[in-house]
Amino acid sequence: MTSGPGQHAAAAAADAQRVDAEALRSYAESALASAGAGAEDAAAWADLMLHASLRGVDSHGVASLLPVFCEQALAGIGAPATAPAVAEERGSVRVVEGRRAGGARTARLAMDAACELAHRNGVGATVAGSIGYFGSLAWTVEPAALDGLLGLCACNAMAFVAPEGGREALHGTNPIAVAIPAEPDPIVVDMRTNAFRMADYRTGLAEGRPLPDGVLLGPEGEFVTDVAVLEQLGWERAVSLPAAGAKGYGLALVVDVLTAALAGTPVGREIRGWASEHAGLAAFFLAVDPAAFGPVERFAGTVARLAEQVHETVPLDEGVPVRLPGERAAAERRTRLARGVPFEPGPWERMESELRALGLEPPERPGATRP
């Protein structure tokens, strides 16, 4: 599987200074603690962002999302006294409530609960209501695959995406992620159901590049490709089109049903808020134990043969091999763990400016390791 430009920043960051992963985690936890987050929520948020930064998905990493989670903490989400909890259990199903804990901590509890049920019953499903935004879903589903299970997660969000044929926002970005046990790394599919990517927005801000044509609409149905126009317009007036037209629309509709309909929470345009107010969001989690369907060796062998066929596929570009979903990110993670996470001044300065705008003094920057 190949990736579009901007999703992974490995090439662009090749010459940047780098910072040790644990130092970056400590920086994030310190900022979150100063915003009022409890230790468990700060650790979960920091782990989630670091996971994205290590995989090269910088649009969902520390430099991009730390102000978002600090804003939530300032609003009392993830405060020391908060904690998510299992509200109900019926057979292979559990219902989780966020109870103003951070979305990352709630998502981890819900995924762990689904995995526990899958080990016991062959399959486990949980739905979480009152869950906050929790960034890249890869962090949530990957532990299931490392535990030998198939893991799936889907989450709804505030209306930002039009249905096929429309120009008014109805769905959120409504991402879906699946993790599959495999060697040497899990196969991880993590995708949004809309066409607009935050990575393109970040690149546009940093480098002045235009946004892709045909993915973002203004209030009159006009296409928006200039970042400056988007900034002037404001996110509340911008509308993304669904990914792959009717296909992305259909998947987004399914996510709304799996999340809001099962959790009994607001759906579509009823959702109010996204970052600092999160009572309206919901997420669905599923874990499946391959051993419940037959020998684990049979399952693993089939996945291995499928992976081999992927790697044997003749690429369109001889210099870009066909990869499995998540394969490039896993390789980037190994590189960044060994060499450090790219430390680029522009994104860090924007992040620290956003923290100061929230009334927070950023922690001392971690020192660069080596170029």
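Just to confirm my filter: which strands (runs of 3 or more DSSP E) fall fully inside region 1-111 and include at least 1 residues that are within 24 Å of Ala144 (Cα to Cα) and modelled with pLDDT of 95 or more?
Of the strands (runs of 3 or more DSSP E) lying wholly inside region 1-111, those with at least 1 residues that are within 24 Å of Ala144 (Cα to Cα) and modelled with pLDDT of 95 or more span 85-90, 93-97.
Every residue in region 255-270 that is touching a residue at least 24 places away in the same chain (Cβ under 8 Å) and of a type in the set (Val, Ile, Thr), please.
Across region 255-270, the qualifying residues are Val255, Thr259, Thr265, Val267.
Being of a type outside the set (Val, Ile, Thr) and farther than 12 Å from Cys155 by Cβ is the filter here, so list the residues in region 114-132 that pass it.
Within region 114-132, Ala114, Cys115, Glu116, Leu117, Ala118, His119, Arg120, Asn121, Gly122, Gly124, Ala125, Ser130 meet the criteria.
Here's the yes/no breakdown for (1) under 28 Å from Ala145 (Cβ atoms); (2) touching a residue at least 24 places away in the same chain (Cβ under 8 Å); (3) of a type outside the set (D, E, K, R):
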{"position": "Val178", "(1), (2), (3)": "yes, yes, yes"}
{"position": "Ile187", "(1), (2), (3)": "yes, yes, yes"}
{"position": "Tyr201", "(1), (2), (3)": "no, yes, yes"}
{"position": "Glu236", "(1), (2), (3)": "no, no, no"}
{"position": "Pro242", "(1), (2), (3)": "yes, yes, yes"}
{"position": "Leu251", "(1), (2), (3)": "yes, yes, yes"}
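Is it true that Leu360 is crowded, with 19+ Cβ neighbours inside 10 Å, in contact with a helix residue (DSSP H, G or I) (Cβ under 7 Å, 6 or more places away or on another chain) and farther than 26 Å from Pro175 by Cα?
When the stated conditions are applied, Leu360 passes them.
Name the residue that is farthest from Arg55 (Cα to Cα), counting only residues in region 278-336 that are in contact with a Leu (Cβ under 6 Å, 6 or more places away or on another chain) and of a type in the set (Lys, Arg).
Out of the qualifying residues, it is Arg336.
Give region 113-122 a look and list any residue that's part of a helix (DSSP H, G or I) and either touching a Ser or Thr at 6+ places or on another chain (Cβ under 9 Å) or closer than 15 Å to Ala282 by Cβ (or both), or say none.
Hits for region 113-122 are Ala113, Ala114, Leu117, Ala118, Arg120, Asn121.
State whether the residues of region 291-300 include one that is in contact with a strand residue (DSSP E or B) (Cβ under 8 Å, 6 or more places away or on another chain) and closer than 30 Å to Ala128 by Cα.
Yes, region 291-300 has at least one match.
Exactly one of these conditions fails for Asp256: (1) over 30 Å from Leu358 (Cβ atoms); (2) surrounded by fewer than 18 Cβ atoms within 10 Å (Cβ to Cβ); (3) touching a strand residue (DSSP E or B) at 6+ places or on another chain (Cβ under 9 Å). Give me its number.
(2)
Select from region 93-120 the residues that are over 22 Å from the mean Cα position of the chain (by Cα), free of Cβ contacts under 8 Å to residues at least 40 places away in the same chain and more than 19 Å from Val257 (Cα to Cα) and list them in ascending order.
Glu116, Arg120
Would you confirm whether or not region 272-282 contains a residue that is hydrophobic (A, V, I, L, M, F, W, C) and not in a loop (DSSP other than H, G, I, E, B)?
yes
Quick one: is Asp58 crowded, with 20+ Cβ neighbours inside 10 Å, among the charged types (D, E, K, R) and either in the same structural domain as Leu149 (by TED's automatic domain parsing) or touching a residue at least 60 places away in the same chain (Cβ under 8 Å) (or both)?
Taking the combined requirement at face value, the residue satisfies it.
Only one of Ala283, Ala304 is surrounded by 13 or more Cβ atoms within 10 Å (Cβ to Cβ) and within 25 Å of Trp139 (Cα to Cα); which?
Only one candidate passes the filter, namely Ala283.
The values are calculated or read from the model by the stated rules, or taken from the named source; none is laboratory data. Bear in mind that the values here come from a model prediction, so they are computed numbers and not experimental data. We place every Cβ from the backbone using ideal geometry, glycine too, and count neighbours over all the protein chains shown.
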